[in-house]
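Here the structure comes first, spelled out in structure tokens, and everything after it is commentary.
The values are calculated or read from the model by the stated rules, or taken from the named source; none is laboratory data. For clarity, every value in this text was computed on a predicted model and none was experimentally measured. Note that each Cβ is placed from the backbone with ideal geometry, even for glycine, and that neighbours are counted across all protein chains shown. For accessibility, only protein heavy atoms count, side chains too; no ligands or nucleic acids. Shrake-Rupley method; radii C 1.70, N 1.55, O 1.52, S 1.80 Å.
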Amino acid sequence: MVVREVRWYALASHPPEDIALPSVSLFTLDGGIIDLRTYLGTPLVVNLWASWCPPCQRELPMMTRVAEKGGVLFLFVAVKDKPERVRDFLRERGIRPSRWTRFFLGDEPLIRAVYTVGLPTTLFFGSDGKVRGRHLGEIDEKTLREKMEVLR
């Protein structure tokens, strides 16, 4: 137990400026696979969330609304979740993929690659694949917009 806690502490305290867009598999909601680095060259907001996570449930509609204003691609990656549960969650709330939003499933390699310890986690990647910011926990609209400014 102590070793695990030390490992997670080390992940949480890892300097966010060391994070680069990792080469990890993301799973589409219809069963396909795509490498996250496919999006290298595009400014990104990557949100790790889950349908069972109350703060994630609260922030997701606001984030998709902000994304629709354009300029930055949002990747929403549900972790430790089931595809049918994510599809149901999105359908119930009227949330659909668009020009500015994509929805995926992720797993442990992604969590380790971006050094996160909890949900929701939001990462801001420049078009060069370098992280420009990170937010652990529920994000409000003002903070989201401020952190997005470094990507434009």
Looking at (1) under 16 Å from the mean Cα position of the chain (by Cα); (2) farther than 18 Å from SER25 by Cβ; (3) among the charged types (D, E, K, R), which is the only condition ARG112 fails? (2)
Restricting attention to the stretch 61-82, which residues are crowded, with 18+ Cβ neighbours inside 10 Å, free of Cβ contacts under 8 Å to residues at least 40 places away in the same chain and not in a loop (DSSP other than H, G, I, E, B)? THR64, ALA67, LEU73, PHE74, PHE76, ALA78
Residues located in the stretch 127-152, provided they are part of a loop (DSSP other than H, G, I, E, B) and open to solvent by less than 10 Å² (accessible area, probe 1.4 Å): GLY129, ILE139
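Conditions (1) surrounded by fewer than 19 Cβ atoms within 10 Å (Cβ to Cβ); (2) assigned to a helix (DSSP H, G or I), marked per residue:
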| site | (1), (2) |
| --- | --- |
| ARG85 | yes, yes |
| ASP88 | yes, yes |
| ARG96 | yes, no |
| ARG99 | yes, no |
| PHE104 | no, no |
| ARG112 | yes, yes |
| LEU119 | no, no |
| THR122 | no, no |
Which listed residue is over 20 Å from GLU146 (Cβ atoms) and among the aromatic types (Phe, Trp, Tyr), from PHE89, PHE125: PHE89
Would you check which residues across the stretch 71-92 are farther than 14 Å from LEU29 by Cβ and modelled with pLDDT of 95 or more and list them? VAL72, LEU73, PHE74, GLU92
Suppose the filter is of a type in the set (D, E, K, R) and either open to solvent by less than 60 Å² (accessible area, probe 1.4 Å) or without any contact (Cβ under 8 Å) to a residue 12 or more places away in the chain (or both); does GLU92 pass it? yes
Given (1) touching a Leu at 6+ places or on another chain (Cβ under 9 Å); (2) closer than 18 Å to LEU29 by Cβ, index of the condition LYS130 fails: (2)
When you go through (1) within 23 Å of ASP35 (Cβ to Cβ); (2) touching an Asp or Glu at 6+ places or on another chain (Cβ under 9 Å) one by one for LEU119, which number turns out not to apply? (2)
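Here are some residues: ARG132, ARG112. Which one is in contact with a helix residue (DSSP H, G or I) (Cβ under 6 Å, 6 or more places away or on another chain) and either in contact (Cβ under 8 Å) with a residue 12 or more places away in the chain or not β-branched (Val, Ile, Thr) (or both)?
So the residue among ARG132, ARG112 that is in contact with a helix residue (DSSP H, G or I) (Cβ under 6 Å, 6 or more places away or on another chain) and either in contact (Cβ under 8 Å) with a residue 12 or more places away in the chain or not β-branched (Val, Ile, Thr) (or both) is ARG132.
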Please tell me if GLU146 is acidic (Asp, Glu), free of Cβ contacts under 8 Å to residues at least 12 places away in the same chain and over 17 Å from LEU36 (Cβ atoms). yes
